[in-house]
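**Q** Got a structure for you, questions after.
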Amino acid sequence: MLTVRLPELSLVAEVDGKIVGHIMFTKAEVGDSKVLVLAPLSVLPDYQRKGIGKALISEGHKTAQRLGYEYSVVLGSEKYYPKAGYVPAETFGITPPFDVPKENFMANKLKAEASDVSGTLKYAKEFGIE
């Protein structure tokens, strides 16, 4: 059974001691492969468009790589996430467990030498998605 708890992949951004952003990655599966799901990513409105979200994603990816994860999946803006290296998940053989526009269901191959994956993403049980 999957669990969500990954404290190493729950990061905050601070400016002058004030928390202005947060990102979290959770465990998921694609077939027999362990992957991550990026959700949520949030930045306070006054601090948006200053690179904070991108910095959180970048740091999260570095940590994920150190922990041995090869892929990160996100359901989000097709205009924002490609700037952080995300492409349609179908590129890697990853399909969503529900109907969603393919341009919004994306993945990032965190390691160049990552194993091939193929199958439907299985979210952690805490998401309530079967």
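The values are calculated or read from the model by the stated rules, or taken from the named source; none is laboratory data. The shown structure was predicted, so the numbers you read here are calculated from the model rather than taken from an experiment. Every residue, glycine among them, receives a Cβ derived from its backbone with ideal geometry; neighbour counts consider all protein chains shown.
**Q** How many residues does the range 62-100 contain that are in a helix (DSSP H, G or I) and either out of contact with any Lys or Arg (no Cβ under 9 Å at 6 or more places or on another chain) or aliphatic (A, V, I, L, M) (or both)?
**A** The total comes to 8.
**Q** Sticking with this one: Here are some residues: LYS54, LYS50. Which one is in a helix (DSSP H, G or I) and either without any contact (Cβ under 8 Å) to a residue 12 or more places away in the chain or out of contact with any strand residue (DSSP E or B) (no Cβ under 9 Å at 6 or more places or on another chain) (or both)?
**A** Only one candidate passes the filter, namely LYS54.
**Q** Any idea which residue in the range 17-31 is modelled with the lowest pLDDT, counting only those that are within 18 Å of GLN65 (Cα to Cα) and out of contact with any Ser or Thr (no Cβ under 8 Å at 6 or more places or on another chain)?
**A** Taking the candidates together, the pick is THR26.
**Q** Report whether or not GLU14 is modelled with pLDDT under 95 and surrounded by fewer than 13 Cβ atoms within 10 Å (Cβ to Cβ).
**A** When the stated conditions are applied, GLU14 does not pass them.
**Q** Here's another thing I want to ask about it. Which one is surrounded by the fewest Cβ atoms within 10 Å (Cβ to Cβ), of the residues in the range 18-38 that are in contact with a Gly (Cβ under 6 Å, 6 or more places away or on another chain) and within 15 Å of ILE94 (Cβ to Cβ)?
**A** GLY31
**Q** Would the range 25-32 turn up any residue that is part of a strand (DSSP E or B), under 24 Å from VAL117 (Cβ atoms) and without any contact (Cβ under 8 Å) to a residue 60 or more places away in the chain?
**A** Checked the range 25-32: at least one residue is part of a strand (DSSP E or B), under 24 Å from VAL117 (Cβ atoms) and without any contact (Cβ under 8 Å) to a residue 60 or more places away in the chain.
**Q** Only one residue in ALA107, ALA114 is of a type outside the set (Ser, Thr, Tyr), more than 15 Å from the chain's Cα centre (by Cα) and either in a strand (DSSP E or B) or within 20 Å of LYS27 (Cα to Cα) (or both), so which one is that?
**A** Result of the check over ALA107, ALA114: ALA114.
**Q** Could you tell me which residue of the range 117-130 is nearest to LEU38 (Cα to Cα), considering only residues that are among the β-branched types (Val, Ile, Thr) and assigned to a loop (DSSP other than H, G, I, E, B)?
**A** ILE129
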